[in-house]
Amino acid sequence: MGEDTDAAPTLNHHGFLPDHNYVTDADIISTVEFNHTGELLATGDKGGRVVIFQREPESKTEPFSQGEYNVYSTFQSHEPEFDYLKSLEIEEKINKIRWLPQQNAAHFLLSTNDKTIKLWKVSERDKRPEGYNLKDEEGRIKDISTVTSLQVPVLKPMDLMVEVTPRRVFANAHTYHINSISVNSDYETYMSADDLRINLWNLDITDRSFNIVDIKPANMEDLTEVITAAEFHPHHCNLFVYSSSKGTLRLCDMREAALCDKHSKLFEEPEDPSARSFFSEIISSVSDVKFSHSGRYLLTRDYLTAKVWDLNMESKPLETYQVHDYLRSKLCSLYENDCIFDKFECAWNGADSVIMTGAYNNFFRMFDRNTKRDVTLEASRESSKPRAVLKPRRVCAAGGKRRKDDISVDSLDFTKKILHTAWHPTENIIAIAATNNLYIFQDKLNSEMH
């Protein structure tokens, strides 16, 4: 899986920057998402922009070459705002993007910052009407006395234009920062989650939403946990899951009650008392949760591990994968530089057989659930020349025996972190956001799903 991975051309988010060390905060990618066919890939950044990449059709001269992703459209989704009641700035940073399944020629996506969710329509136009009776070519209204005959307007070809228009704005429903949005399998509703509440929206109605989870205590001093992520089941529109900062997952059924404060299932791993430390609660906080495509499993990510849970087994995870266990001895310094609070995402491949998640030093990890093989790969300009094969990397734990090409834990760059990743829904194509760069890799030899 690792050794065979070819690198498709490396795409930089907004063109390559001349100085490697100079990155404006606004250019940092904050979310990555393929659409349901994998033909489009959207990224959001801290500057409130959304960039959509489109996969080029396969070339006729090279029938076996897979299409590359090129920029399709770029638009400003959110602007910085100011809440005058609370004297708070509202960042324009895009927290999440979710595509709606395609119903017609246009594409629709939801994007959200901390407070406001927007529904965008992405459509193409390659014809323009000409020959109006009451308007001239510049669009000015004609003097009616000069119109002596009626003509039928005709559509003339024009250069392809991609239009992005806002269709809905869902605002004023969250007191706290939105961390997740998820489109329901009924394609009519979606949910948005913040630290303490989850709201259910109809895609056509912007002025009201239903609160389906509320964990805010009467006295905020009694607050012990917050919601970290939430997602709908891929097939059952009544089921959703949300994760917490205490490392628990709660599966809720909207058929049981309108307010899902009482969960149907609680997934929690019993804590090992001998391994307890000052950092235990911080590193057990779940930063991401994803249903498998089959809907049978849940994938979660906490600071050091990725876990696969079976919906039918609440007592412990089915599989636990160590993402970077060599950092266990470094937790003190990671706490001091705030890296311990980084929120890594995780992703399934289309067949639910391989999982992927990010790490530090621009490394990302892949775990094959069937063979139990795992690999560490690097997304960087130095190692990822177009068409180059990615070489597996290995980190040597402190005090461990070092082999050639091993990287010492002490030389890892904690400012280079891969928090956001996405996997094509049916093919072995992955998108990796490394600070302000977007890398797209493709497994050429194993183009069929494992």
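The values are calculated or read from the model by the stated rules, or taken from the named source; none is laboratory data. Keep in mind that this is a model prediction, so the values were computed, not measured. Here the Cβ is made from the backbone with ideal geometry for all residues, glycine too, and neighbour counts use every protein chain on show. Each accessible area value is taken on the protein alone, full model and side chains, heavy atoms only, with ligands, DNA and RNA left out. Shrake-Rupley method; radii C 1.70, N 1.55, O 1.52, S 1.80 Å.
Give me the percent of the accessible area of the chain that comes from carbon and sulfur atoms, probe 1.4 Å, all protein chains in place.
The computed percentage sits at 51.
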Q: Could you work out the Kirkwood radius for region 112-160, taking every pair of different alpha carbons, averaging 1/r and inverting it, reported in Å?
A: 14.2 Å
Q.
Only bridges whose two residues both fall in the chain count here: according to DSSP, what percent of them are antiparallel, nearest 5?
A. 95 percent
Q) Can you list the cysteines of the chain that have no other Cys Cβ under 4.7 Å away? A) Cys237, Cys332, Cys339, Cys346, Cys396
Q) Just how large is the dipole of region 69-130 about the Cα centre, in debye to the nearest 20, putting +1 at every Lys and Arg Cβ and -1 at every Asp and Glu Cβ? A) 320 debye
Q) Under a Cβ-Cβ cut-off of 11 Å, what is the net charge of the residues other than Phe279 that fall near it, where Lys and Arg count +1 and Asp and Glu count -1? A) +2
Q.
Leaving out ligands and nucleic acids, and using a 1.4 Å probe, what accessible area per residue does the chain come to in Å²?
A. 50 Å²
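Taking chymotrypsin sites (Phe, Trp or Tyr not before Pro) as exposed when DSSP calls them loop (any state but H, G, I, E, B) and at most 13 other Cβ atoms lie within 10 Å, what is the longest stretch of the chain free of them, the sites themselves excluded?
No qualifying site falls inside 279-450, the longest such stretch.
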(Q) Given the options Val32, Pro153, Pro217, identify the residue whose Cα lies farthest towards the positive end of the charge dipole of the chain (+1 on Cβ of Lys, Arg; -1 on Cβ of Asp, Glu). (A) Val32
Q: Report the local net charge at Trp99: Lys and Arg +1, Asp and Glu -1, summed over other residues whose C-beta lies under 13 Å from its C-beta.
A: +1
Q | Positive dipole terminus of region 291-397, leading residue within Met366, Phe291, Phe344 (C-beta point charges) | A | Met366
Q | Table column - 3J(HN,Hα) (Hz), region 185-195, Karplus curve with 6.51, -1.76, 1.60, x for Gly and Pro | A | 6, 7, 6, 10, 10, 8, 10, 10, 10, 10, 4
Q) Among the trypsin sites (Lys or Arg not before Pro) within region 166-246, which fall in a DSSP loop and have no more than 13 other Cβ atoms within 10 Å of their own Cβ? A) Arg208
Q | Debye, to nearest 20: dipole size of the chain, +1 on Lys, Arg Cβ, -1 on Asp, Glu Cβ | A | 580 debye
Q.
In the chain, if the dipole is taken from +1 on Lys/Arg beta carbons and -1 on Asp/Glu beta carbons about the Cα centre, which of Thr112, Ala422, Ile52 is farthest to the positive end?
A. Ala422
Q. Using a simple charge model, +1 on the beta-carbon of Lys and Arg, -1 on the beta-carbon of Asp and Glu, nothing else, what dipole does region 148-243 show about its Cα centre, in debye to the nearest 20?
A. 420 debye
Q. What 222 nm value per residue comes from the helices of the chain, counting each DSSP H run with n ≥ 4 as -39,500 (n - 2.57) and dividing by all residues, nearest 500 deg cm²/dmol?
A. -500 deg cm²/dmol
Q: Give, as a single signed number, the net charge of other residues whose beta carbon lies under 14 Å from the beta carbon of Ile215, with Lys and Arg counted +1 and Asp and Glu -1.
A: -1
